[in-house]
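Data first, discussion second: the structure below is written as structure tokens.
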Amino acid sequence: MAVLQSPALAPTTPDAATFWADADRHLVRYGGPFTPEIVESASGSFVTTADGRRVLDFTSGQMSAILGHSHPAIVETVRSQVGTLDHLFSGMLSRPVVDLARRIAGTLPDPLEKVLLLTTGAESNEAAIRMAKLVTGRHEVVSLAGSWHGMTHAAAAATYSAGRRGYGPTAPGNLVIPVPNAYRPDHLTPDGAHDWRRQLDLAFDLVDVQSTGSLAACIVEPILSSGGIVELPPGYLAALRDKCHERGMLLILDEAQTALCRTGSWYAFEGRGGEEPVVPDILTISKTLGAGLPLAAVVTSAEIEERAHERGFLFFTTHVSDPLVAAVGNTVLDVLEAERMDARVRVLGDRLRAGLLDLQDRHATIGDVRGRGLLQGIELVLDRETKEGADALGALVTRRALDLGLHMNVVQLRGMGGVFRIAPPLTVSEEELDLGLDLLDRALGEAERELLG
């Protein structure tokens with residue numbers, strides 16, 4: 001039987017030994033290995049382990065705790081709300097739910113105004129895809145290679161970065177198009193630039209060939225996170241929207257990790273400077289909305305909602321419209337608005353990017369720096385010319401960083417190097433950002449010396 005702890009890191013006290021033995025005996029393993037630390041508490045940008053170590057969390061938990069851990073306003077809301085109104089029959093409504101729906105709509109451009117409150121990103125994407133199929137009367141769904149939309153049926157069928165093998169057939173009608181990765185382009189213009197327009201044209205030529213005439217929707221992330229922090233090129237979303245609408249498809253944007261100021265704007269679809277905002281037909285929000293608690297939303301237009309309702313849209317789940325997490329969502333919006341978090345993240349994002357570019361200057365193994373705001377990544381390579389991947393180096397840097405007191409998350413995909421996802425809380429201080437960069441610098445140096453000499 002596999003052992004969960006790392007001998008080099010896991011504490012060896014009797015209590016810790018019992019903990020890891022129990023974990024090994026009773027926990028179902030659901031992904032990669034568990035981090036070899038027993039976490040006792042968390043506050044702000046740090047988690048504290050059983051042996052008293054404070055570890056800087058550069059992942060915001062599961063990229064969700066955007067206000068840091070145990071934010072006082074969130075703690076107070078949970079304590080108050082759980083003692084007043086926590087959970088209801090799913091057909092009942094409460095003030096936190098209606099307030100949050102109204103306020104989410106208020107952060108969005110027309111015509112996005114109808115909101116369904118759920119729990120996870122997978123659930124919100126499941127509902128969005130289900131709605132798109134019902135409204136269009138079609139069933140085919142297009143998504144990007146490298147995508148991650150969740151582990152439920154339709155969401156998993158539209159996920160290509162991992163988890164497709166060994167489970168039998170997915171939902172019929174799922175089609176994949178290539179990721180427009182500027183660092184590893186598969187189409188070039190005559191002058192050597194990334195030709196994503198030709199790639200997209202060819203991709204939809206293949207979609208049209210494969211389609212049975214039942215194209216319902218395309219679901220994409222504005223920045224592919226599990227796909228290696230790949231930001232869609234300027235103009236790509238607008239071109240993709242046009243491809244969809246020409247075919248009668250709905251465009252679904254999955255902003256699980258990019259919504260609510262993470263990228264320096266309230267939503268990533270608002271674009272970068274000078275770029276056209278691309279308003280989706282259906283928007284899904286999840287991780288950031290609950291600031292670490294299970295809260296998600298599907299947002300669409302009144303027209304689409306009306307058509308879905310007329311056709312009997314059904315998504316009746318145990319925790320739809322739950323008041324407790326809705327109250328938390330309202331508090332999240334309170335904090336984001338009061339602290340003008342979008343502007344704050346733009347400043348911090350510039351500081352983070354400058355620090356990462358400085359590391360790139362000093363570490364030849366950093367092939368690329370990319371991302372936006374406080375969702376950025378570095379891709380490790382063995383050779384900048386060939387862009388040969390560096391999976392072993394990425395794994396070692398992760399371990400060394402944890403030794404030094406920095407929790408990092410590395411994504412390792414076929415055909416790419418190790419890509420670190422860097423997503424600290426939006427409340428992170430400049431000093432904490434600088435500390436994280438320093439620890440990453442040291443971890444890179446130590447790992448490079450050990451592996452590469």
So what is the accessible area of the stretch 75-339 per residue, in Å², with the probe set to 1.4 Å? 41 Å²
If you roll a 1.4 angstrom probe over the protein chains with everything in place, what fraction of the accessible area of the chain belongs to carbon and sulfur, to the nearest %? 53 percent
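Calculate for the chain the 222 nm mean residue ellipticity that helices alone would give, adding -39,500 (n - 2.57) per DSSP H run of length 4 or more and normalising by residue count, nearest 500 deg cm²/dmol. Working shown, then result.
On the way: 13 runs with 171 residues, N = 453.
Estimated from H runs of four or more residues: -12000 deg cm²/dmol.
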Between D350 and R95, what is the spin-label point distance in nm, taking each point 7 Å from the Cα along the Cα→C-beta axis? 4.1 nm
Stick to the Cα atoms of the stretch 371-419, pair each with every other, and give me the Kirkwood hydrodynamic radius in Å at one decimal. 11.4 Å
Beta carbons within 10 angstrom, averaged per residue: use that to sort the peptides 395-401, 429-435, 86-92, 344-350, highest first. 395-401, 344-350, 429-435, 86-92
Using modelled backbone amide H atoms (1.01 Å from N, in-plane), which distant-in-sequence or interchain residues come within less than 5 Å of N409's amide H? R421
What distance in nm lies between label points placed 7 Å from Cα along the C-beta direction at L88 and R272? 4.4 nm
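Between V39 and D441, what length comes free when the chain is fully extended (0.36 nm per residue of separation minus the Cα-Cα distance, one decimal in nm)?
Details: separation 402, 0.36 × 402 = 144.72 nm, distance 2.45 nm.
Contour length minus the Cα-Cα distance gives 142.3 nm.
Give the calculated FRET efficiency between E430 and L314 to the nearest 0.05, with a Förster radius of 51 Å applied to their Cβ-Cβ distance.
Numbers: r = 48 Å, r/R0 = 0.95.
The value I calculate is 0.60.
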Hey, if you drop one equal point scatterer on each alpha-carbon of the stretch 75-339 and run the Debye formula without solvent, what base-10 log of I(q)/I(0) do you get at q = 0.15, 0.16 Å⁻¹? -1.09, -1.23
With every protein chain kept in place and a 1.4 Å probe, the stretch 376-453 has an accessible area per residue in Å² of 40 Å²
If you place +1 on the Cβ of every Lys and Arg, -1 on the Cβ of every Asp and Glu, and leave all else neutral, what size is the dipole of the chain about its Cα centre, to the nearest 20 Debye? 700 debye
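Only Cα pairs under 8 Å and at least 6 apart count here; give the relative contact order of the chain as a rounded whole percent. Walk me through the intermediate numbers first.
On the way: 879 pairs, mean separation 91.0, N = 453.
Across the chain, relative contact order equals 20 percent.
Work out, in µm²/s and without decimals, the Stokes-Einstein translational diffusion coefficient of the chain at 10 °C, 1.306 mPa s, Rh from Kirkwood over C-alpha pairs. Spell out each step's value before the answer.
Values: Rh = 23.0 Å.
Translational diffusion coefficient: 69 µm²/s.
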Below 8 Å between Cα atoms, with a sequence gap of 6+, how large is the relative contact order for the stretch 158-302 in percent? 17 percent
Report the full-extension gain for the segment A343 to S70: residue separation times 0.36 nm, less the Cα-Cα distance, to one decimal in nm. 96.0 nm
FRET E, pair L452, D205, Förster distance 41 Å, beta-carbon r, rounded to 0.05: 0.45
What do the square roots of 5 times the Cα gyration tensor eigenvalues come to for the stretch 217-273, in whole Å, largest first, as semi-axes of the equivalent ellipsoid? 20, 12, 11
Along the Cα-to-Cβ line of L357, 7 Å from the Cα, sits a label point; which residues in the stretch 263-283 have backbone N less than 20 Å from it? 263-265, 272-275
Using 7 Å Cα-to-Cβ label points, what is the A364/L404 separation (nm, one decimal)? 2.0 nm
Suppose R0 equals 60 Å; then what is the FRET efficiency for E246 and D15 from their Cβ-Cβ distance, rounded to the nearest 0.05? 0.45
Taking a straight Cα-to-Cα line shorter than 14 Å from K287, and setting aside same-chain aspartates and glutamates fewer than 8 residues away, one finds E123, E221, D254, E255
For K243, the lysines lying under 20 Å Cα to Cα, once residues fewer than eight places off in the same chain are dropped, come out as K133
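Please give the charge dipole size of the stretch 139-231, origin at the Cα centre, charges +1 on K and R Cβ atoms and -1 on D and E Cβ atoms. Round to the nearest 20 debye.
Numbers: 5 positive and 9 negative charges, 73 e Å.
My answer is approximately 340 debye.
The values are calculated or read from the model by the stated rules, or taken from the named source; none is laboratory data. Small disclaimer: the values here were computed from a predicted structure and weren't measured. Note: ideal-geometry Cβ built from the backbone for every residue, glycine included; neighbour counts use all protein chains shown. These area figures cover heavy atoms from the full protein model, side chains too; ligands, DNA and RNA do not enter into them. Shrake-Rupley method; radii C 1.70, N 1.55, O 1.52, S 1.80 Å.
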